[in-house]
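Q: Let me give you the structure first, and then I'll get to my questions.
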Amino acid sequence: MDIKIALMGLLVGFMVGLTGVGGASLLTPILVIIGINPKIAVATDLFYNSVTKLFGSIQHIRQKTINVKLVIYLAIGSIPSAIVAILLLQFYNPLAGHQDEIIKHSLGFVLVLVAIITLAKQFFEPLGKTKLQDKPIEEKRALTIAIGAVLGFIVGLTSIGSGSLFAIAMLYLYRLTAAELVGTDIVHAFFLVSAAGLLHAGLGNIDYMLALNLLVGSVPGVLLGSSLSAKMPAKPLRAIMATLILISGLKLI
């Protein structure tokens with residue numbers, strides 16, 4: 001056991017429980033900044049995310065707060081795209097030779113994007129209903145698969161966005177209740193990060209002891225943060241977290 005890594009997991013889990021800001025947006029850049037190889041950091045975070053999202057998925061499946069068609073259409077695009085991103089970095093020679101730098105800089109750009117989106121959500125309310133939102137999901141199948149493909153590639157490359165970026169797309173493009181939005185997002189993210197994590201496992205990129213230490217800290221951290229979230233002001237905390245993510249992103253670019 002590594003106490004420092006477990007404490008880092010505790011802190012990240014606490015902040016995720018407290019603010020709802022995505023764990024990968026906090027954890028992956030911290031791992032890279034403290035010296036973990038970028039490829040190992042991304043692979044381990046995908047595995048770690050798979051374990052944590054499993055429990056949330058089970059709960060939402062029990063509650064039936066999932067739009068199954070939306071999960072399927074997003075996954076049709078996102079899972080193959082994430083796999084392509086991982087395989088390109090691993091085996092396509094022009095990219096494989098610069099894999100760590102590509103991951104590091106991609107992390108930076110995606111973190112900046114996630115931070116800007118998170119800050120924008122705090123200060124700008126979503127616009128009213130749109131015609132696109134009111135269309136049946138079947139009519140938006142091609143669009144949904146395309147969104148899955150684009151964002152899935154980003155997740156495969158950086159491990160970031162399986163929750164935050166997909167949640168933004170669902171918020172603005174689909175008519176979902178708050179519970180359906182969260183449930184659909186978590187279940188789709190579970191399938192996406194599990195598929196990407198399994199591929200990384202087959203390639204030998206996951207540091208399981210690192211993941212275990214993070215889980216030992218993050219599980220109680222999430223529980224503690226969630227229990228305090230109702231008593232703390234959400235918007236300022238999320239704005240602070242988004243600012244920290246922005247700084248981390250800029251540091252990695």
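Q: Determine which member of the set 138, 125 is surrounded by fewer than 17 Cβ atoms within 10 Å (Cβ to Cβ), at pLDDT 80 or above and either under 13 Å from the mean Cα position of the chain (by Cα) or not hydroxyl-bearing (Ser, Thr, Tyr) (or both).
A: Values: 125 fails: at pLDDT 80 or above.
Being surrounded by fewer than 17 Cβ atoms within 10 Å (Cβ to Cβ), at pLDDT 80 or above and either under 13 Å from the mean Cα position of the chain (by Cα) or not hydroxyl-bearing (Ser, Thr, Tyr) (or both) holds for just one of 138, 125, which is 138.
Q: Out of 168, 206, 245, report the one residue that is within 28 Å of residue 77 (Cα to Cα), of a type in the set (Val, Ile, Thr) and assigned to a loop (DSSP other than H, G, I, E, B).
A: 206
Q: Ok, one more. Is it the case that some residue within segment 184-202 is loosely packed, with under 15 Cβ neighbours inside 10 Å and in contact (Cβ under 8 Å) with a residue 12 or more places away in the chain?
A: No, every residue in segment 184-202 fails to be loosely packed, with under 15 Cβ neighbours inside 10 Å and in contact (Cβ under 8 Å) with a residue 12 or more places away in the chain.
Q: Kindly indicate whether residue 159 is within 15 Å of residue 39 (Cβ to Cβ), touching an Asp or Glu at 6+ places or on another chain (Cβ under 8 Å) and either among the charged types (D, E, K, R) or touching a residue at least 24 places away in the same chain (Cβ under 8 Å) (or both). Step through it out loud before you land on a result.
A: Values: within 15 Å of residue 39 (Cβ to Cβ): yes; touching an Asp or Glu at 6+ places or on another chain (Cβ under 8 Å): yes; either among the charged types (D, E, K, R) or touching a residue at least 24 places away in the same chain (Cβ under 8 Å) (or both): yes.
Answer is yes for this residue.
Q: Suppose the filter is surrounded by fewer than 19 Cβ atoms within 10 Å (Cβ to Cβ), more than 12 Å from residue 193 (Cβ to Cβ) and touching a residue at least 60 places away in the same chain (Cβ under 8 Å); does residue 39 pass it? It would help to see each step written out before you state the result.
A: Numbers: surrounded by fewer than 19 Cβ atoms within 10 Å (Cβ to Cβ): no; more than 12 Å from residue 193 (Cβ to Cβ): yes; touching a residue at least 60 places away in the same chain (Cβ under 8 Å): yes.
So residue 39 does not fit the description; no.
Q: Which of (1) buried (at least 23 other Cβ atoms within 10 Å of the Cβ); (2) under 22 Å from residue 243 (Cα atoms); (3) not polar (S, T, N, Q) does residue 82 not meet, given it meets every other one?
A: (2)
Q: State whether the residues of segment 105-116 include one that is of a type in the set (Gly, Ala, Ser), within 14 Å of the chain's Cα centre (by Cα), at pLDDT below 90 and closer than 24 Å to residue 146 by Cα.
A: Looking through segment 105-116, at least one residue is of a type in the set (Gly, Ala, Ser), within 14 Å of the chain's Cα centre (by Cα), at pLDDT below 90 and closer than 24 Å to residue 146 by Cα.
Quick grid of which residues meet (1) among the charged types (D, E, K, R); (2) farther than 22 Å from residue 187 by Cβ:
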{"site": "2", "(1), (2)": "yes, yes"}
{"site": "15", "(1), (2)": "no, yes"}
{"site": "27", "(1), (2)": "no, no"}
{"site": "30", "(1), (2)": "no, yes"}
{"site": "46", "(1), (2)": "no, no"}
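The values are calculated or read from the model by the stated rules, or taken from the named source; none is laboratory data. Computed from a predicted structure; not experimentally measured. No Cβ is skipped: glycine too gets one built from the backbone with ideal geometry, and neighbour counts run over all protein chains shown.
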